[in-house]
1. If R₀ is 45 angstrom, what is the calculated FRET efficiency for the pair ALA416 and SER573, using the beta carbon separation as r and rounding to 0.05?
2. Which far-off residues, 5 or more places away or on another chain, put their amide H under 5 Å from the one on VAL396, with H placed in the peptide plane?
3. What dipole magnitude, in Debye to the nearest 20, does the chain give about its Cα centre under +1 on Lys/Arg Cβ and -1 on Asp/Glu Cβ?
4. Students often check this: by mean Cβ neighbours within 10 Å, which of 206-212, 480-486 ranks highest, and how do the rest follow?
5. For n ≥ 4 DSSP H runs only, could you compute -39500 (n - 2.57) per run for the chain, divide by its residues and tell me the 222 nm figure to the nearest 500?
6. Around ALA542, which amide H atoms from residues at least 5 apart in sequence, or from another chain, sit under 5 Å from its own amide H, with H modelled in the peptide plane?
7. Dividing the Cα radius of gyration by the Kirkwood radius, what Rg/Rh value follows for the chain?
8. Using a Förster distance of 41 angstrom, determine the FRET efficiency expected from the C-beta separation of GLU259 and GLN192, and round it to 0.05.
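Values in this text are rule-based calculations from the coordinates and carry no lab data. Keep in mind that what you see is a predicted model, and the values were worked out from it rather than measured. Using ideal geometry, Cβ is built from the backbone for each residue, glycine included, and neighbour counts are taken over all protein chains shown.
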Amino acid sequence: MEFRLKISREWYKLSESDKAIRQPIISVLGHVDHGKTTLLDKIRGTAVTAKEAGGITQHIGASEIPLEVVKEICGPLLEQLDVEITIPGLLFIDTPGHEAFTNLRRRGGALADIAILVIDIMEGVMPQTEEALRILRRYRTPFVVAANKVDRVPGWKSHDDTPFLESFQRQSPEVQQRLEEKVYELIGQLHQHGFQAERFDRVKDFTRTVAIVPTSGVTGEGIPELLMVVTGLAQRFLEEQLKIEVEGPGKAAILEVKEEPGLGHTVDAILYDGIVRTGDTIVIGHPEEPIVTRVRSLLKPKPLDEMRDPSDRFRKVDEVTAAAGVKISAPELEEAVAGAPLRVVWEDEDVEEVVREVQEEVEEVTIETDQDGIIIKADTLGTLEAVVGEFKEKDVSIRKADVGDITKKDVIEAHAVAEKDPLLGVIVGFNVGVTEEARELADEYNVDIIIDDVIYELVEKYEEIVEKRIERERRKRLDELVRPGKIKVLPGYIFRQSKPAIVGVRVLAGVIKPGYPLIREDGRELGEIKQIQMHGEPTKEAKKGQEVAISIEGPIVGRHFEEGDILYTDVPSEHAKLMFEEFKDLLTEDELEALEEIAEIKRKEDPFYGM
């Protein structure tokens with residue numbers, strides 16, 4: 001089954017002034033257990049197997065597959081692209097998942113040029129898949145769906161490392177039908193999330209349709225087509241942005257900060273533009289102020305076949321050119337944070353100007369305002385940006401967004417916000433710790449702290465807290481009203497006739513509380529409940545079914561009411577209106593019945609009662 005990506009050769013003719021083309025940076029995302037790591041390992045392993053054609057270069061945090069190796073894996077498939085491939089290869093981020101994708105950011109979006117969204121073909125779109133789709137949409141990142149685990153389709157007979165279409169043709173019609181059904185289910189799910197999708201060999205316009213490539217990270221089936229589609233997309237979508245000024249000072253994003261034996265604190269970074277050299281001045285973004293330091297050494301992993309000795313894993317290099325992963329050793333890196341921008345400053349550049357630009361980039365992510373809002377803390381600048389974006393989409397006000405653990409200061413700020421707006425006095429933490437002081441103070445101030453390492457779960461937990469607080473506030477407002485209650489004066493339980501009258505009653509419906517005024521069935525006002533006693537002890541309320549003694553200030557038993565009489569709480573008209581319009585769902589069935597009876601009594605004199 002042959003197909004061709006319809007891309008004009010004419011579009012790619014390069015002028016003499018064109019810059020060099022770097023390889024696209026590719027990130028792998030997807031739901032937990034859908035096979036991200038297995039698929040990435042299989043792509044790398046397949047490339048290592050094909051190393052006679054050019055090998056695979058291992059970088060810090062990334063693996064580079066040269067074009068020669070891609071051609072070797074794809075075989076004749078790549079020729080079907082009907083386009084001259086000018087990219088030098090593919091640079092895969094080694095760490096799969098949302099964190100790697102969101103951590104690696106550059107000004108204006110994600111560092112990854114293309115993403116592979118891995119979805120278990122048997123399970124389809126799952127919660128973390130939905131989160132990945134939201135992130136991809138926010139960053140406008142082109143992506144391919146790897147419909148993984150085709151080897152799990154019932155009856156599937158695996159053919160290791162073969163193209164999907166070849167393996168598919170060798171399956172029975174029943175198995176082919178099962179796979180087609182799963183692909184169509186996936187197309188439907190992606191459509192529900194706003195993406196038009198189709199199996200890759202049926203896509204007519206790759207600029208409008210997401211390509212689905214069935215794969216197996218275990219058997220390698222579909223890997224050739226996956227690499228082919230990714231290569232075609234990179235060439236089609238990204239040629240302009242993949243051009244780099246190979247002589248210019250480097251731009252990078254920090255993937256991780258580590259302490260290495262004999263080197264001290266180092267940063268693992270992905271260089272996406274220009275060059276970095278030993279001895280260069282570098283500026284690293286920081287929430288407080290940028291770090292300005294000088295490169296002591298640049299390190300890259302030794303080739304795969306030379307990494308038998310873990311104590312000597314790296315080799316020093318004099319310079320690194322984009323796109324590449326590199327470990328940088330330099331003084332004063334203790335405070336560096338993952339996700340931060342890193343800029344190289346050469347002699348003819350103004351350090352202060354670069355510092356200002358880097359600081360502006362960090363300030364685009366970190367937030368500190370005087371307005372009331374939630375407080376967001378995250379482990380890296382990249383994940384902070386993703387969390388902030390998710391909450392902004394929900395129109396949630398943010399007071400502060402910053403990198404680092406949750407501290408006592410954060411709790412004090414959240415408490416101050418809660419005093420004005422209880423719905424916003426919350427601290428949200430993505431993959432961060434909470435200091436002991438902060439936890440103790442949060443308990444004391446009743447400040448909610450939400451911690452998670454899945455963004456959508458943070459949002460869901462916040463929404464749950466908001467719902468509970470709204471419910472609590474509604475119940476609090478309801479409790480400030482005179483609620484409906486219906487009682488019967490028990491015969492034989494007149495303890496005192498007046499000043500105050502003390503009688504035994506049974507609550508027939510609703511609730512009674514001290515301070516509630518009472519009326520008779522004919523609407524006549526009687527007086528106010530002063531106290532309620534149950535088993536000789538004062539109580540704050542009595543509900544349906546309970547028998548209690550109450551004292552009533554004002555009426556005289558025998559003159560204003562009798563044994564066996566039915567009495568009601570005297571609910572003010574505005575209270576009744578609120579209960580009918582706003583709090584009806586919070587009233588019990590018997591309370592609602594009592595309210596209807598009270599309204600019927602009161603409307604004999606006031607037709608607009610409770611309206």
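1. Approximately 0.75, to the nearest 0.05.
2. none
3. Roughly 1320 debye, rounded to the nearest 20.
4. Details: 206-212: 18.0, 480-486: 21.4.
Top of the packing list down: 480-486, 206-212.
5. For the chain, the value works out to -9500 deg cm²/dmol.
6. Placed amide hydrogens put ILE512 under 5 Å from ALA542.
7. A ratio of 1.18.
8. Details: r = 45 Å, r/R0 = 1.11.
Efficiency for this residue pair is about 0.35.
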